[in-house]
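Comments concern the structure below.
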Amino acid sequence: MNHTPTDRVQRMALGLLQARQQGEPFTPPADCVDLNVDEAYAVQALVGEGMGWFAQGVPAWKAGGSPTVSAAPLPAVHPSPGRWQPVVARNTREWLIEAEVAFRLARAPQGPDLATDVVAAIGTVAVAIEAIDTRLGSGLSGSPSNWKLADQGVHGVLVIGPEQPAQPWLRWAPEAWGQLAWQIDVNGHTAQQAQGGLPAVEPLGALRWLAMHAAEHTGGLKAGDVVTTGAWGMVRARRGEVVDVRFGGLGQARLTLD
């Protein structure tokens, strides 16, 4: 992994770091909009170092649910019920909440075939809630993918429900994952629910891709890492609201936005 901090990368990282420290939105300069993947990871590393997020290592990874979205570290993981007080950017009134399935690794994937071994390395599975906290001035819909990757705090916090042994779930075929029922409640009222509607890549398929991607770009996955595999559903929530996510057979998780 080569994250050489070139002058351009340092300038990009400084702008994003200042935006995070000041709680204000950031719009990439015109000469930096063509950010490539290697530069995005370099910016990601510098911002994380500047924020002091990963002194003990990365606690969790977001695969994005599709091989077209690169892996991003999650700065914080909390058990459910969890509370989160985001730094409010100017004009920010709400945050995007994602319903996820998360796996925790019992050991680091190893051997010549990481795409196979990563599944064998899974220890537990749980319901998860991601709260997105971007500093990109144009937001998630208007920002290029590599800038979303550079803004590693886009995924501000992950809350996971009680963990259970993953072994029964590791035998599931994509069709079975596609029938899993889930629900998102906000302040006790159902905001979204469905049976199926899984991410672009079914969870175990996304994990196989993430293991190979992490080995190439981030130094590899390790024991204890929590990995999520894409949003099943998304809602918007405001400060003071309580979000509950339920998945059939997996239980639930709760997040309060302070």
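Going by what's in this entry, would ALA45 be described as hydrophobic (A, V, I, L, M, F, W, C), in contact with a His (Cβ under 9 Å, 6 or more places away or on another chain) and modelled with pLDDT under 90? For ALA45, the condition - hydrophobic (A, V, I, L, M, F, W, C), in contact with a His (Cβ under 9 Å, 6 or more places away or on another chain) and modelled with pLDDT under 90 - is met. Within segment 232-241, at least one residue is of a type in the set (A, V, I, L, M, F, W, C) and surrounded by fewer than 16 Cβ atoms within 10 Å (Cβ to Cβ). Among residues of segment 190-219 being surrounded by fewer than 17 Cβ atoms within 10 Å (Cβ to Cβ) and part of a loop (DSSP other than H, G, I, E, B), the one that is farthest from the chain's Cα centre (by Cα) is GLY196. Taking the conditions exactly as written (within 24 Å of MET234 (Cα to Cα), open to solvent by 80 Å² or more (accessible area, probe 1.4 Å) and at pLDDT 90 or above), does ARG90 satisfy them or not? For ARG90, the condition - within 24 Å of MET234 (Cα to Cα), open to solvent by 80 Å² or more (accessible area, probe 1.4 Å) and at pLDDT 90 or above - is not met. I need the full set of residues from segment 15-45 which are aromatic (Phe, Trp, Tyr) and not in a helix (DSSP H, G or I), in order please. Residue satisfying the conditions is PHE26 alone.
Of the set (1) in contact with an Asp or Glu (Cβ under 8 Å, 6 or more places away or on another chain); (2) open to solvent by less than 50 Å² (accessible area, probe 1.4 Å); (3) among the polar types (S, T, N, Q), all apply to ASN187 but (2).
Taking the criterion of being closer than 14 Å to THR228 by Cα, aliphatic (A, V, I, L, M) and surrounded by fewer than 21 Cβ atoms within 10 Å (Cβ to Cβ), the only residue of segment 107-131 that qualifies is VAL119. Does VAL159 qualify as being touching a His at 6+ places or on another chain (Cβ under 6 Å) and surrounded by 15 or more Cβ atoms within 10 Å (Cβ to Cβ)? Here the answer is yes, as VAL159 does meet what is asked.
The values are calculated or read from the model by the stated rules, or taken from the named source; none is laboratory data. In this text the structure is predicted, and so the values were computed from the model without any measurement. All Cβ positions, glycine included, derive from the backbone under ideal geometry; neighbour counts span all protein chains shown. Side chains included, ligands, DNA and RNA excluded: accessible areas come from the protein's heavy atoms. Shrake-Rupley method; radii C 1.70, N 1.55, O 1.52, S 1.80 Å.
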